[in-house]
1. Can you figure out the FRET efficiency of Asp165 with Thr236, using R₀ = 30 Å and their beta-carbon distance, to the nearest 0.05?
2. Would you grab the residues whose amide H sits under 5 Å from the one on Ile127? Only those 5+ places off in sequence or on another chain, please, with H modelled 1.01 Å from N.
3. Can you compute the modelled spin-label distance between Ile135 and Arg194, with each label point 7 Å from Cα toward Cβ, in nm?
4. How much length, in nm to one decimal, is gained on full extension between Thr121 and Asn95, taken as 0.36 nm per residue of separation minus their Cα-Cα distance?
5. Run the paramagnetic zone check for Ser73: 7 angstrom along Cα to Cβ, then residues of region 144-170 with backbone nitrogen under 16 Å.
6. Just to be sure I understand the model, the point goes 7 Å from the Cα along the line to the Cβ. What's the resulting Glu184 to Ala42 distance in nm?
7. Place a point 7 Å from Cα of Glu150 in the direction of its Cβ. Which residues in region 91-129 have their backbone N less than 16 Å from it?
Amino acid sequence: MFWRKKKTNTTHEAETKRDHWDSPEGAAIRASVAASRPALAAEVERGRNRVNKVEDDFPFESPLEANPGAFRSATVAEYRDWLRTYLRNGGTPTNYLDQPMRLNDVFMAVKDFHLSGAYGTDSIEAIVPEGVEYIVGDLGHCTLYLPSGETSEGPFPPTVVVYNDPELMSLPNMRKFAEEKQREKAERRAARRREMGYDDEAPESTPLHAHEVTADDAAMIRMMSGAHFGDSAAVTLPSGKTITGAEMRRWIEAQDG
């Protein structure tokens, strides 16, 4: 792993930022490695020089800004066609989003381009059709969908998202994939709630009758009347009785009516 050079907009060389490689700690580590394993130190230095050359040739910037006019938004049909080839080749999508594919979720390359290190919100997923050439200095978080139905190989796992558009759901096994991902998501959410101490198996509530409400119960219900509870949210009253948010609201309406 090579540390990257920090770039700065300042015009004063004295204010140039240094990364860990150039810090005293980084220098000490390099000196120690050079003394104990000179061959490895030389290889790391050569690698860093290669990375720095790429960064000098292709400064870090958004692919859309670096390549004006090289990309447009892909249509759902275009993404479906690539995804079909990807699945036929044994590919497995990485994510499922229960929403339609939006504008700029996936791009289509329409002319030659280069990538030079786009991360986070600057990264893109783009279909690369036959005839379009590209140079990759640093793939970053970007994923390229290649004509062969394969994805680009980079330092981070590729991203292949399935959306709930009917065109994508019509592909083989996509509904099953979506259901599995939704179930996994629900299981992860439940596990997190258990870790946080929430009881997802709250006791079942029974209808709330006026004669069962103690003075303390009524005071608590009134106090929480302005809170936002879902209809199925469970609330335990001072008397120990458990009611739902819907029952609590019905009780308040009955009392105020």
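Values in this text are rule-based calculations from the coordinates and carry no lab data. None of these values were measured; they are calculated from a predicted model. Cβ atoms come from the backbone with ideal geometry, glycine included; neighbour counts cover every protein chain shown.
1. Values: r = 43 Å, r/R0 = 1.43.
For R0 = 30 Å, the calculated efficiency reads 0.10.
2. Phe107, Met108, Ala109, Tyr145
3. 5.4
4. On the way: separation 26, 0.36 × 26 = 9.36 nm, distance 1.72 nm.
That works out to 7.6 nm of additional length.
5. 163-165
6. Roughly 4.5 nm, to one decimal.
7. 91-92, 128-129
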